[in-house]
Amino acid sequence: MMRKISVLLIACLILAILSPAVCADDGGSGSGSGSELTLLVNGEVLKTDSPPVIINDRVFLPLRAVTEAFGATVEWNEAERQVTVVYMTYTLRLTVGSETATLVSGGITSRLRFDAPAQIIYDRTYVPLRAVGEAFDADVSWDGGTRTVNVTLSESVALTVGDKRVVCGMTESELLLALGQPDRQAVGAEGLVWYSYNGEFGYIAAAVDGGRVAGFMTDAAGFSLSNGVKCGEPFTNNGQTVIADDRSPTVPAVSGSGMVYTDAARSYTMTVYRDEIDSGAVWAVRVMLGGRTKAVDTSSTAYCSEQSREIFDLLNGWRRARGLEPYAWESAAAECAYLHSDDMSRNNYYDHVSPDGRTVAERYFGDMFVSLDENMLFTSGAPDALSMLGSWINSRAQRKNLESEVYKYTGIGIAVGSSTYATQVFVAHGE
């Protein structure tokens, strides 16, 4: 179902993109009977309540029938004879009889021009089906023998982990149907509510905005993205995976331990996290649709607490992917970690030893332990779980604690002052 929805979204958008018309080379130049035409989108028959027609060797489709099929909103302005289609980050406006239209996507406004105007047919607005070429990595072909239009489109960026699938743009209900009730919900990065899932498959989180998935992140074993990114494999930007407006390869912007790419054509940003100690293989990824960021207080206790729990979930996802048992969360370890981070923030120092001479063993007030250690992190940026964990993963000294089989319990604490401080305490109680 989600494959069909994402396909239909792009089908809607391509109706207004400038490119050559589809020619119906059957010798006729007038209107053709809609019942004689078949429309295939990625191999699936798209049925509408109004038939496609051929006018002057061009295929026209009923706009409302196509767009409402996947949940878009369609408004008709009788005075202006204008149609507005809104879906996800896209707003398309076109006027009957006009050869131009406006497409707003991710805050970017584009002026589009047709070689045939939208028309009223059967009391409905019809628009010409256009081949989009490189604009959406789509191909359109006409089979005159079978009177079939074939549209091959790239899907909206999607995440697959085993039999689980998350697609940007899917509804909240579809997300819950695919993954079930989340283990945790909280406002996180980008100011959106993240639905977090933990299980044998690892860790998956989806950002929900306005009842739809606006992004996702994961470090689950074997994950793959529809744009070609795969867990455990080297990542290079070859011009096919993530591309810019001009369709040329982009140069990544390094952000912490991740590489950030923006695909303006598809209106999303992807951050790829590589394991620099293990051949640079991809271990995690985060994808966000454009234009979805909301204001959030990244220094608040609630936000820092959420990022601490997210690091914990991501760490256990990473451990599962490496065949290691997940850690258990311990409140005493978390309190010890937070108090040290807060002390460093308030007193402007960065050290495993407090100004009063105490080590982690002397700051910890939990049950009797046989082994204890801590990781620390200092950054001028806002708390961000994936980047912070990535820094520890790519530090040989701190990585030892992350992949330890001695420690069974851990807790994380983050405090923000003029900078961000994070501490993770690891505990073995001798079980």
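Accessible surface for ASP49 stands near 120 Å², nearest 10, in the context of the full protein assembly shown (1.4 Å probe). The Cα-based radius of gyration of segment 310-401, divided by its Kirkwood radius, gives an Rg/Rh of 0.95.
Note on PHE201: accessible area is roughly 60 Å² with a 1.4 Å probe, heavy atoms of protein only.
Averaged over its residues, segment 169-233 has an accessible area of 35 Å² per residue, based on protein heavy atoms and a 1.4 Å probe.
Which whole-number value in Å² is the accessible area per residue of segment 348-394, probe 1.4 Å?
Working: 2370 Å² over 47 residues.
Averaged over the residues of segment 348-394, the accessible area is 50 Å².
Ignoring ligands, DNA and RNA, how do CYS336, CYS231 rank by accessible area with a 1.4 Å probe, largest first? Intermediate results must be reported in sequence, preceding the final value.
Numbers: CYS336 5, CYS231 35 Å².
The residues order as CYS231, CYS336, largest area first.
Measuring only protein heavy atoms, the 1.4 Å probe finds ARG124 accessible over about 100 Å². The per residue volume of the convex hull around the alpha-carbon atoms of segment 190-230 is 82 Å³.
With a 1.4 Å probe and all protein chains left in place, how much of the accessible area of segment 273-431 comes from carbon and sulfur atoms, in whole percent?
Details: 3290 of 6920 Å².
Carbon plus sulfur share of accessible area: 47 percent.
Can you give the extra length, in nm with one decimal, that the chain gains between ASP367 and SER418 once fully stretched, where that is 0.36 nm per residue apart less the Cα-Cα distance?
On the way: separation 51, 0.36 × 51 = 18.36 nm, distance 3.34 nm.
Additional length available on full extension: 15.0 nm.
The values are calculated or read from the model by the stated rules, or taken from the named source; none is laboratory data. Because the structure is a prediction, the values reported are computed rather than measured. Each accessible area value is taken on the protein alone, full model and side chains, heavy atoms only, with ligands, DNA and RNA left out. Shrake-Rupley method; radii C 1.70, N 1.55, O 1.52, S 1.80 Å.
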